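Enquirer: Pasting in a structure now, in structure tokens, and then I'll have a few things to ask.
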Amino acid sequence: MLLNEVMQDAVNEQINNELFAMYSYLSMSAYCEQKQFRGCARWMRVQSQEEYGHAMRLYDFLIARQGRVKLKPIAQPEIEFKSIADTFEKALAQEQTVTQQINSLYEMAFNQKAFAALVELEWFINEQVEEEKTARDIVYKFQLVKDDPAALLDLDRELGARPEDGAAKPA
Ligand SMILES: [Fe+2]
Ligand SMILES: [Fe+2]
């Protein structure tokens, strides 16, 4: 076995965590749509695709290591938010949670001497640094603009300029 049972279970768990993140961002996107913040909605939707890409990266890794992908139910994400700014605060909190999940998985791979998994997970560790920074920057911008309608519309336009995520497409 290229990847032991314990590691396989843990990677399957992380696939589920990434899919939950995908679902959660999609729910935030739907909220933004309803509030007519189309740019924010687009940003969240692209982020949702990116999370799908993360799940698939682990999915492909399991297969490459002759592991068994076992999909589990995806929990229901939050659907109500206090404001658009609140969705980004929740997004940041979620990224911080995912960072902890990735760290624990990395620690497990380290203890199990699963070297290929360690290398794969290094990508995720770097990615989480990026994801947290991006979310934190946006939260900060929302704190700056507060309730100023003109600035909010500008920010919405800026976030809406986010390009499609190429990584979410099948290789
Ligand atoms: Fe992710
Ligand atoms: Fe993420």
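Enquirer: In a shell of Cβ-Cβ distance under 12 Å around N16, excluding N16 itself, what net charge do Lys and Arg (+1) and Asp and Glu (-1) give?
Expert: -2
Enquirer: Another question about this same structure. State to the nearest 20 debye the size of the charge dipole of the chain about its Cα centre, where the only charges are +1 on K and R beta carbons and -1 on D and E beta carbons.
Expert: For the chain, the charge dipole is close to 320 debye.
Enquirer: I'm a student and want to see the number: the projected area of the Cα convex hull of the chain, averaged over all directions, in nm².
Expert: 9.7
Enquirer: Can you give the extra length, in nm with one decimal, that the chain gains between A30 and Q100 once fully stretched, where that is 0.36 nm per residue apart less the Cα-Cα distance?
Expert: Residue separation times 0.36 nm, minus the Cα-Cα distance, leaves 22.5 nm.
Enquirer: Packing-wise, with mean Cβ within 10 Å as the measure, how do 141-152, 14-25, 32-43, 110-121 rank, highest first?
Expert: In descending order of packing, they fall as 14-25, 32-43, 110-121, 141-152.
Enquirer: State the volume of the convex hull built on the alpha-carbon positions of region 82-171, expressed per residue in Å³ and rounded to an integer.
Expert: With only Cα atoms used, region 82-171 gives 104 Å³ per residue.
Enquirer: Over region 37-165, what is the mean sequence separation of C-alpha contacts under 8 Å (at least six apart), divided by residue count, expressed as relative contact order in percent?
Expert: 48
Enquirer: Given K35/K141; K35/K90; K70/K133; K35/K133; K90/K146; K70/K90, which pairs have Cα atoms separated by over 22 Å?
Expert: K70/K133; K35/K133; K70/K90
Enquirer: Normalised by the residues of region 11-73, what does the relative contact order come to in percent, with Cα pairs under 8 Å and at least six apart?
Expert: Averaging sequence separation for qualifying contacts and normalising by length gives 45 percent for region 11-73.
All of the numbers you see were taken from the coordinates with simple rules; none came from a lab. Predicted model only: the values in this text are computed from it and were never measured. As a convention, Cβ positions derive from the backbone with ideal geometry for all residues, glycine included, and neighbour counts pool all protein chains shown.
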